Amino acid sequence: MDEFRRRHDGKLVAWSCMIAKGKTMRNMWFYQRSEAAKCLIWFYTVRLAVERCLHLGLTHLDLGPSHKTDVKELKAKYGFQSTLNWNHETASDSSDPQFCCDYSGPFVDMSRFHCGDRTAKTVQ
């Protein structure tokens, strides 16, 4: 769990959490305050997730569904394809296997990854 707090008063503005199963990490982030959407927290959570995937030897990062067009476009800009066939078990024959997450296998022990004080961030 990563918390993001305002620097001047310490109030929580957003948080993110990640879970890994099989060869895939699922990244989720939540804004507590609307101003947090302007603080580039999403980029930081994606960076943390990519770093953790590499460290843990995972092959896929699932950023979750995107129902808003602007969010889909932002993810695509950075190489994350938006697809409804995201899971190996539900993918169609026409799905690109590169973009299908592999959740088969056990949950991954995330405690092996320590990133020190970089997880708790403050924003202005």
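Roughly how big is the stretch 5-67's charge dipole about its Cα centre, with Cβ charges of +1 (Lys, Arg) and -1 (Asp, Glu), in debye to the nearest 20?
That gives a dipole near 140 debye.
Among 47, 33, 7, what's the order by accessible area (1.4 angstrom probe), most exposed first?
7, 47, 33
How far apart, in nm, are the 7 Å Cα→Cβ label points at residue 28 and residue 56?
Taking the two extended label points, one gets 1.4 nm.
Order 36-43, 103-110, 21-28 from most to least packed using the mean count of other Cβ atoms within 10 Å.
Per-residue Cβ counts within 10 Å, averaged per peptide and sorted highest first, yield 21-28, 36-43, 103-110.
Report the label-to-label distance for residue 35 and residue 73 in nanometres (one decimal), using points 7 Å from each Cα along the Cα→Cβ vector.
Placing both labels 7 Å along Cα→Cβ, they lie 2.7 nm apart.
Starting from the Cα of residue 12, step 7 Å along the direction of its Cβ; do the same at residue 80; then give the gap between the two resulting points in nm.
2.1 nm
The values are calculated or read from the model by the stated rules, or taken from the named source; none is laboratory data. In this text the structure is predicted, and so the values were computed from the model without any measurement. Please note: Cβ atoms are built from the backbone with ideal geometry, for glycine as well, and neighbour counts cover all protein chains shown. Calculation scope for accessible area: heavy atoms of the full protein, side chains included, ligands and nucleic acids excluded. Shrake-Rupley method; radii C 1.70, N 1.55, O 1.52, S 1.80 Å.
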